[in-house]
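Let me begin by presenting the structure, written as structure tokens, before commenting on it.
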Amino acid sequence: MLHSFNINTNMEKNRKISFYGLSRSGKSCYIFAMAQALSQGLCFPDGEILTVKSPIPMQMAKLYKSYQQMTDGRWPAGNTESVDYNFNARLRLEKLMSFNLKDYRGGLLDTCDEDEIDEQDELFSSFEDSAVLLFFVGADTVIKAMEKDVESNIKLNFLSTLYENFLDRTNDARTPVMIVISKSDMLSPQELLKAKEFTKNKLQSMFGHGTNITAAITTVTLGKNLSNENGELEGDLIIGPTAGNIHIPIIYSLFCVISNKIEEAIGKLSSAQDDYKNAQNELNNEMSKSAFEKFFNNNENKIRNRINSSNNIIGKEKEALIELNNTLSKIKPFLLNGADVYINGTKL
Ligand SMILES: Nc1nc2c(ncn2[C@@H]2O[C@H](COP(=O)(O)OP(=O)(O)OP(=O)(O)O)[C@@H](O)[C@H]2O)c(=O)[nH]1
Ligand SMILES: [Mg+2]
């Protein structure tokens with residue numbers, strides 16, 4: 001029973017990518033742009049194509065419409081309520097992962113309104129069981145924080161508080177995290193490097209040595225010279241499968257989910273190998289029994305069946321591992337091209 005419980009929670013864990021981001025950090029814009037960009041398909045060097053789409057037509061239509069609103073020159077309004085989206089990531093049409101994204105009102109994260117405490121608690125508990133946590137912060141906020149603006153520093157520090165809250169709730173310090181600096185078109189390449197360094201140093205609970213977690217940082221943008229004049233979108237929207245690093249947070253999430261699956265497969269493989277060894281030993285004992293004893297108590301068939309079935313599992317898990325490792329090595333160059341990944345504070 002315990003075993004099947006574990007499998008269930010792991011499957012749950014595979015499914016959720018949680019966004020953390022205060023109001024105006026760029027969550028909604030990212031979701032609309034990502035859905036548009038990755039539904040077109042991201043092509044790997046070997047010609048295989050990765051697509052990310054919602055299987056629900058009404059959601060896909062909603063996403064297209066929101067994207068179209070941007071191409072028509074209007075930024076989306078800030079959320080007043082939450083919208084849930086479901087996505088499938090497929091490689092060669094085969095499903096690699098399905099995941100949910102919740103596009104909520106960022107202001108709920110740092111509200112001081114006691115009346116909203118239940119709604120906030122509901123949101124925080126929806127982040128539990130995540131395969132990966134993505135923390136959004138606008139490049140504008142980071143730059144201002146670097147210039148010692150108090151409010152922006154508070155916003156950046158608040159990401160640590162949110163992470164701490166997750167750790168407190170889940171007791172799971174192994175969930176990988178990624179910092180996504182959005183609106184990167186607002187900064188020059190030099191400024192971006194500094195912004196990443198600054199953010200990393202601020203968030204020692206994720207990037208420090210001794211944390212033992214996988215933490216990554218990336219920068220994303222929806223285009224060039226983008227600005228907002230009373231909701232009007234000015235500048236160039238550039239949306240494509242790899243434009244502006246829009247794919248990177250999803251590629252990182254895939255990387256984390258596949259790594260989880262590899263760990264799971266290794267666990268199943270080693271327990272099948274143990275079963276196999278035990279059954280082999282039992283078979284040896286069985287074969288050394290006297291013919292007389294065997295006549296009254298013959299376990300040979302039962303044992304051989306166990307050997308066969310663990311052998312089957314070993315074969316299946318080995319095959320799965322080859323497949324998973326293949327996919328992982330395929331996405332790795334994309335990931336390392338667009339993100340800095342740290343394990344226990346050391347850069348990969
Ligand atoms: N320059 C630039 N600005 C951006 C980009 N993406 C978003 N913005 C700006 O950031 C604003 C906020 O983005 P949203 O996606 O609405 O932010 P949000 O996190 O969903 O905010 P809430 O719904 O309030 O939680 C937009 O209205 C744009 O002005 C970008 O890639 N470049
Ligand atoms: Mg929003």
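Brief remarks follow.
- Taking a straight line from the alpha carbon of Lys196, these aspartates and glutamates sit under 20 Å away, with near neighbours fewer than eight places off in the same chain left out: Asp140, Glu147, Asp149, Glu151, Asp185, Asp340.
- Probe 1.4 Å, protein heavy atoms only - accessible area per residue of region 11-259 in square angstrom: 46 Å²
- Counting protein heavy atoms only, the chain has 50 percent of its accessible area on carbon and sulfur, 1.4 angstrom probe.
- Whole-Å semi-axes of the chain's equivalent ellipsoid (Cα gyration tensor): 46, 22, 19
- Cβ charges +1 (Lys, Arg) and -1 (Asp, Glu), total dipole of region 269-324, debye: 180 debye
- Accessible area in square angstrom per residue, region 261-327, 1.4 angstrom probe: 69 Å²
- Under the criterion of Cα pairs below 8 Å and six or more residues apart, the relative contact order for the chain equals 18 percent.
- Based on C-alpha pairs under 8 angstrom that are at least 6 apart in sequence, region 198-279 has a relative contact order of 18 percent.
- Under 19 Å from the Ile343 label point (7 Å along Cα→beta-carbon), backbone N, region 244-267: 251-267
- Alpha carbon centroid spacing (whole Å) that separates region 178-221 from region 276-300: 61 Å
- Of Lys268/Lys330; Lys144/Lys183; Lys27/Lys330; Lys16/Lys65, those spanning more than 21 Å from alpha-carbon to alpha-carbon: Lys268/Lys330; Lys27/Lys330; Lys16/Lys65
- Region 308-330 and region 27-57 have their alpha-carbon centroids 27 Å apart.
- Backbone N within region 23-67 under 18 Å of label point (7 Å from Leu93 Cα along the Cβ vector): 39-44, 47-56
- At 0.890 mPa s and 25 °C, Stokes diffusion of region 261-327 via Kirkwood alpha-carbon radius, µm² per second: 186 µm²/s
- Accessible-area value, Met34, 1.4 Å probe, nucleic acids and ligands omitted, Å²: 0 Å²
- Distance in nm between pseudo-label sites at Gln68 and Glu114 (7 Å out along the Cβ direction from Cα): 4.7 nm
- Counting only DSSP beta bridges whose two residues both lie in region 127-258, roughly 30 percent are antiparallel.
- Evaluated with a Cβ-only charge set (Lys, Arg +1; Asp, Glu -1), the chain carries a dipole of roughly 1400 debye about its Cα centre, given to the nearest 20.
- Using θ = phi - 60° and Karplus 6.51 cos²θ - 1.76 cosθ + 1.60, couplings along region 230-236 (whole Hz; Gly, Pro as x): 6, x, 7, 8, 10, x, 10
- Region 77-105 residues near the modelled Asn326 label - backbone nitrogen below 13 Å, point 7 Å along Cα→Cβ: 91-94
- Percent antiparallel among DSSP beta bridges (both partners in region 11-259, rounded to 5): 55 percent
- Relative contact order (percent, whole number), region 261-327, Cα cutoff 8 Å, 6+ residue spacing: 54 percent
- Annotation for Glu319 and Asn100: the two label points, set 7 Å from Cα along the Cα-Cβ direction, are 3.2 nm apart.
The values are calculated or read from the model by the stated rules, or taken from the named source; none is laboratory data. This one's a predicted model, so the numbers in the text were calculated from it and none came from an experiment. So basically every Cβ, Gly included, is an ideal-geometry build from the backbone, and we count neighbours across all protein chains shown. SASA here: full protein model, heavy atoms, side chains in, ligands and nucleic acids out. Shrake-Rupley method; radii C 1.70, N 1.55, O 1.52, S 1.80 Å.
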